[in-house]
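Each reported figure results from applying straightforward, stated rules to the coordinates on display, with no laboratory input. From a predicted model like this one, the values you see are computed outputs, not experimental measurements. Methodologically, a virtual Cβ is constructed for each residue, glycine included, from the backbone with ideal geometry; neighbour enumeration extends over all protein chains shown.
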Amino acid sequence: MRRHPYIVKEDILKVVQIIDTDGAFIPTSQICQSDTGKTEYFDTYIAAKNKDRLIRRNISKRRIVYHLMKSEEVAGFSYEIYYFSRNLEHVLHDISEDLDDDAKEDLAYEIAMRYKDQPEEFLQFLFVAVTEERKPLAFMGAEDGKLEMLFVTPKERSKGIGKLLFTYGIKNCGINCLTVNEQNPQAIGFYEHMGFQTYKRTDMDEQGNPYPLLYMRLGQKKE
């Protein structure tokens, strides 16, 4: 709000932070010094450009994430945090390479400026389920027939809200494909229940990190 004064506190219902843990929870024993001069992610370990620095970063990031997971309010705003296997700028801008903080902030500003006078266009991508009091319960991102994100507030899970929102996306947004982390069996079971089937698997996520992904299509059998 300091940099962009057109945003006022009253406009913000809740701060929802989406994070990519970037290997921060990998055991220290699985981090070694890289021989190539760059940090690389493998199935069973991380080869770090600077091993000691990466270990310190992971310890710090884990501590921050654990603290935020227990927080319901940040800077006076209602707050929630979620893990997402892709950074949001990868979804919104189709950018696969890593970006520094300034570049990420510039992209966020670009999105804000693009839709600030025409929010209805942003709603073509993002869908939010709210209560009668406009309290967010879940949100979904969909583009070109692909589910990009689906999040349900932890307290509202197992109540059918995710199913309701996802069904809306299938019927009204033409959602027929998605990717999901193989290490998330609950999500996989949900998508299978909704009629999606795995047709491809990769050992790495789309950033080259050792997080296997399953590619699913509506009614599509494995190739």
inquiry  = Run the reach check for Lys38 against lysines, Cα to Cα strictly under 17 Å, same-chain hits fewer than 8 apart removed. What comes back?
reply    = Lys49, Lys51
task = Any chance you could run the full-extension gain for Lys155 through Asp117? It's 0.36 nm times the residue separation minus the Cα-Cα distance, nm to one decimal.
result = 10.4 nm
query = In this model, which of Lys14/Lys116; Lys9/Lys135; Lys70/Lys163; Lys146/Lys200; Lys61/Lys200; Lys9/Lys163 are farther than 20 Å apart at the alpha-carbon?
reply = Lys70/Lys163; Lys61/Lys200; Lys9/Lys163
query = Could you give the longest part of the chain that holds none of the chymotrypsin sites (Phe, Trp or Tyr not before Pro) found in DSSP loops with at most 13 neighbouring Cβ atoms within 10 Å?
reply = 26-223
request  = Express in nm, to one decimal, how much length is gained between Gln124 and Ser34 on full extension, taking 0.36 nm for each residue of separation and deducting their alpha carbon distance.
outcome  = 28.0 nm
query = Average projected area of the Cα convex hull of region 106-223, in nm²?
reply = 9.0 nm²
note = Largest fluctuation, Leu178, Leu164, Leu150 only, Gaussian network model of the chain with Cα springs under 10 angstrom, belongs to Leu164
task = Can you list which of the GluC sites (Glu not before Pro) found in region 114-145 are DSSP loop residues with at most 15 other C-beta atoms within 10 Å?
result = Glu132, Glu133
ask   = Counting alpha carbon pairs within less than 8 Å and at least 6 residues apart, what relative contact order, in whole percent, applies to the chain?
value = 15 percent
key: Sparse-neighbour loop sites [trypsin sites (Lys or Arg not before Pro); region 134-223; at most 16 other C-beta within 10 Å; DSSP]   = Arg134, Arg157, Lys159, Lys221, Lys222
inquiry  = Can you give the FRET efficiency to the nearest 0.05 for Ile7 and Lys70, using r as the Cβ-Cβ distance and R₀ = 30 Å?
reply    = 0.65
request  = Give, in whole angstrom and from largest to smallest, the semi-axes √(5λ) of the equivalent ellipsoid of the chain, with λ running over the eigenvalues of the Cα gyration tensor.
outcome  = 29, 25, 17
task = Report, by chain and number, residues whose modeled amide H sits under 5 Å from the one on Val74, excluding near sequence neighbours (fewer than 5 apart, same chain).
result = Tyr79
